[in-house]
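Bear in mind these aren't lab numbers, they're just calculated from the coordinates by the rules spelled out. If you're wondering where the values come from, they're calculated on a predicted model, not measured in any experiment. Reconstructed Cβ throughout: ideal geometry from the backbone, glycine too, with neighbour counts over all protein chains shown.
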Amino acid sequence: MQHRAGEEQNIPLRNERYSCINGIWFFKTRGGKQKGPFVNKQEMEAELLFFIREQKMSGQSRQQPA
């Protein structure tokens with residue numbers, strides 16, 4: 001595995017960050033927060049992609065000089 005931006009120590013174990021409990025879908029963030037519920041896997045995946053894009057955008061805006 002490769003290091004992600006900001007990771008300089010040992011690479012953490014990365015497992016699936018989504019789950020389905022009684023037909024309801026959830027995903028976990030890097031910080032361990034659970035997002036959901038979602039009615040199906042497709043909705044959860046779409047929201048996960050949106051969440052990742054938001055995180056990347058907010059990270060870029062924090063790194064740019066004011």
Ranked by how many other beta carbons lie within 10 Å on average, peptides 38-48, 23-33 from highest = 38-48, 23-33
Estimated vicinal HN-Hα couplings, Hz - region 28-33 in sequence order (Karplus 6.51, -1.76, 1.60; Gly, Pro = x) | 10, 8, 4, x, x, 7
Among all the lysines, which ones have a C-alpha under 22 Å from residue 56's C-alpha, if same-chain residues fewer than 8 places away are not counted?
-> 28, 33, 35
